[in-house]
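Everything below concerns the one structure shown next.
Laboratory data are not the source of any read-out in this text; all were calculated from the coordinates shown. Treat the numbers as computed from the prediction; the structure is a model and nothing was measured. Cβ: placed from backbone, ideal geometry, glycine included. Neighbour counts: every protein chain shown.
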Amino acid sequence: MNLTISGHHLEVTPALRNYVTTKLDRITRHFDQVVDVKVLLTVEKQKEKEKRQRAECNIHVKGSDLFAESSHADLYAAVDELVDKMDRQVVRHKDRLQDHHHEAAKRELHA
């Protein structure tokens, strides 16, 4: 799995990189056909202070691309929310792949 973590208007510290990597392990535990992961962490220069820390993630899995983003006042909370969203998408993608094969097998049995 290729993992790219980049920052926009912030420096990606080793602690932040380690945190994101640890969180993304959950996704690869659920689905092992992840090819490429790109994470972009951004601090937006908005007047209102809330929800200016943003985390985005593109995951390329065998068969499709998944994308999610999350904004929060705290970057670590934004990463948590982002990983939750990505995890749900990856599990749904995996279920779709498995359901597709089961339906094909059922059709063969009834034919």
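Viscosity 1.306 mPa s, temperature 10 °C: give me the Stokes-Einstein translational D for the range 1-107 in µm²/s, with Rh taken as the Kirkwood radius over C-alpha pairs. Provide the component values of the computation, followed by the final result.
On the way: Rh = 14.7 Å.
Estimated diffusion coefficient is 108 µm²/s.
Tell me which trypsin sites (Lys or Arg not before Pro) from the range 1-72 have a DSSP coil assignment and no more than 11 other beta carbons within 10 Å of their own.
Working: sites: Arg17, Lys23, Arg26, Arg29, Lys38, Lys45, Lys47, Lys49, Lys51, Arg52, Arg54, Lys62; in loops: Lys45, Lys47, Lys49, Lys51, Arg52, Lys62.
Of the trypsin sites (Lys or Arg not before Pro), the ones in loops of the range 1-72 whose Cβ has at most 11 other Cβ atoms within 10 Å are Lys45, Lys47, Lys49, Lys62.
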Review point. What dipole magnitude, in Debye to the nearest 20, does the range 1-107 give about its Cα centre under +1 on Lys/Arg Cβ and -1 on Asp/Glu Cβ?
Key: 160 debye
Point to revise | Relative contact order of the range 1-107, pairs being alpha-carbon contacts under 8 Å that are 6 or more residues apart, as % | key: 23 percent
